[in-house]
Amino acid sequence: ILQRFANAYSPVVGQGEVMDYLGNTGLDSLAGADILKVAPGKYNSTVAYPDTKLGQKLRGVSQIHNAEVGTRVFYLDHGPYDTHAGQLSAHRELWSEVSAAVPAFFEDLREQGNADNVVMFIFTEFGRRVRDNGSGTDHGAGGVCFALGDAVKGGQYSEYPSMKAEDLVQGDLNPNLDFRSVYTTLLEDWMKLDAKPIVNGQFEKPAFINN
């Protein structure tokens, strides 16, 4: 399959700026896929991951990280958490998957000797409303995120927002910690990068990373 893609992308290079971009991007992706072929051969683990999509995704992250191909950021999704209906049963299943897969991942990292150089950041791109709609909740402003790993100083960083009706903003939680502050800590204290051009400004840094 990869060879078929290579055959499709290669001829378009040299046929104009747009086609060059598309062709080279496709070939670069194939080169990345080729590099990742070495990962399974360098990986040996006794950890039994749960037989879920999340479990297998995290196992793949551990494989590639252990292969030391230079990747610094891994991203994967899990869901759906967009529960306008049937929220109780859906969230029970989803968070059960998280609570089984994440410990397996960190156990694997420890076995591979990689637990001290990984921070897991769990976030959602949208919050939920405070009041339910009968069987679920609609989109809201406030959300939560989690940082996990040996380098993380555990604790709650920010005040738990009030759920009193008079303190809500049009029915939503009133967030009290800017998400760009959290990213600033991750970028500067963990990845040792200058966060300002990335988050477009200077923000407070909750001190949840051990330096």
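Summary of values
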read-out	value
Conditions (1) surrounded by fewer than 13 Cβ atoms within 10 Å (Cβ to Cβ); (2) under 13 Å from Val118 (Cβ atoms); (3) in contact with a helix residue (DSSP H, G or I) (Cβ under 8 Å, 6 or more places away or on another chain); number of the one not met by Asn66	(1)
From the options Glu111, Glu93, residue that is part of a helix (DSSP H, G or I), touching a residue at least 60 places away in the same chain (Cβ under 8 Å) and of a type in the set (Asp, Glu)	Glu111
Where a residue in segment 168-194 is in contact (Cβ under 8 Å) with a residue 24 or more places away in the chain and over 12 Å from Pro206 (Cβ atoms) and its partner, wherever it lies, is surrounded by fewer than 16 Cβ atoms within 10 Å (Cβ to Cβ) and among the acidic types (Asp, Glu), with Cβ under 7 Å and at least six apart	Asn174/Asp167
Evaluation of Thr137 against (1) touching a strand residue (DSSP E or B) at 6+ places or on another chain (Cβ under 8 Å); (2) modelled with pLDDT of 95 or more (one fails), failing number	(2)
Lone qualifier among Leu187, Leu193, Leu148 - being surrounded by fewer than 18 Cβ atoms within 10 Å (Cβ to Cβ) and within 22 Å of Asp77 (Cα to Cα)	Leu148
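The values are calculated or read from the model by the stated rules, or taken from the named source; none is laboratory data. Just so it is clear, the structure is predicted and the values come from calculations on it, not from any experiment. Glycine gets a Cβ as well: all are built from the backbone with ideal geometry, and neighbour counts include every protein chain shown.
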